[in-house]
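J.: Please see the structure below; I have some questions.
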Amino acid sequence: MMGKRQISEMQTSELVVTLLISNLAAVPMQDTGQPLISGLIPIAVLVISEIVVSSLMLKCQPFRRMICGRPIIVVYDGKIQQSELRRLRMSTEDLFEQLRQKDVFSIRDIAYAIIETNGKMSVIKKPDKEQPTAGALGVAQPDTGLETVVVSDGVASDFSLALCHQNRKWLESILEKEAITIPQVFLMTANAKGDYFIVRKDEGSK
């Protein structure tokens, strides 16, 4: 109800609401003398409030900035912004720890580092430190489309087959060629080009 972003990258306010909901839900379960409705009403109020606040943040940038803050540049054009680090109460050790988590091991390799509103860091490397892409090397790469899991633990997914532009008939023909049945498949992925990868179940697995 509160949106998929609630289970991905939560803002601080969203984390607080989620923790409050879990605490409120525990009260009527621990105290059997309290009616269940005494826990449901405040939970519903919190959920509705979060939905309203999220909608306001989408429509009003000043309100969003007041609630979530703004991204802060801690490395600008290769130079560490010491005043911004002090404002964030972020030590140089904290800075380098986050850089290492981005596979950056030298401050001289980055052009910009930005602390996002969710607390995570985004890094832009200097052009001469970036890994060359196939486009930069002039190498044409075929577009294989989206690779999806079409069979998971012996269960085929028609939805995933449709995503990679395949169908059950194609799946059955591939499995027949590989001399395997769907219940014997632990994992099978496929893409729009018809490329596939199969992992059989271990012997003795049901």
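J.: Which order do Val75, Val104, Val45 fall in if you start with the one that has the fewest other Cβ atoms within 10 Å? Please report the intermediate quantities before stating the final value.
T.: Working: Val75 22, Val104 18, Val45 11.
If I rank by nearby Cβ atoms, fewest first, I get Val45, Val104, Val75.
J.: Regarding region 72-129, what whole-number volume in Å³ per residue does the convex hull of its Cα atoms give?
T.: 70 Å³
J.: Identify which of the listed values of Rg/Rh (Cα atoms, Kirkwood Rh) was calculated from the structure shown: [x] 1.09; [y] 1.11; [z] 1.03.
T.: So the structure-derived entry is [y].
J.: Within 10 Å of each candidate Cβ there may be at most 13 other Cβ atoms; applying that plus a DSSP loop requirement, which trypsin sites (Lys or Arg not before Pro) in region 107-159 survive?
T.: Values: sites: Arg108, Lys120, Lys125, Lys129; in loops: Lys120.
Filter output for region 107-159: Lys120.
J.: For every other residue with a beta carbon closer than 11 angstrom to the beta carbon of Lys193, add +1 if it is Lys or Arg and -1 if Asp or Glu, then tell me the sum. Intermediate results must be reported in sequence, preceding the final value.
T.: Details: positive: none; negative: Asp143, Glu147, Asp195.
Residues close to Lys193 contribute a combined charge of -3.
J.: Taking 0.36 nm per residue of sequence separation and subtracting the Cα-Cα distance, how much length would be gained by fully extending the chain between Ser38 and Gln131, in nm to one decimal?
T.: Working: separation 93, 0.36 × 93 = 33.48 nm, distance 5.69 nm.
Extra length from Ser38 to Gln131 when fully extended: 27.8 nm.
J.: Mean Kyte-Doolittle of at least 0.5 plus a Cα span of 30 Å or more along the axis: flag which DSSP H helices in the chain meet both, please.
T.: Once both thresholds are applied, what remains is 37-59.
J.: Tyr112 to Thr144: FRET efficiency via 1/(1 + (r/R0)^6), r the Cβ-Cβ distance, R0 25 Å, to the nearest 0.05?
T.: 0.20
J.: Moving on to the next point. In what sequence do Thr32, Thr92, Thr148 fall when counting other Cβ within 10 Å, fewest first? Before the final figure, lay out the partial values.
T.: Numbers: Thr32 8, Thr92 11, Thr148 18.
Least to most surrounded, the residues fall as Thr32, Thr92, Thr148.
FYI, it's all coordinate maths here, none of it is from the lab. As the structure is a computational prediction, the values presented were derived from the model and not from experiment. Please note: Cβ atoms are built from the backbone with ideal geometry, for glycine as well, and neighbour counts cover all protein chains shown.
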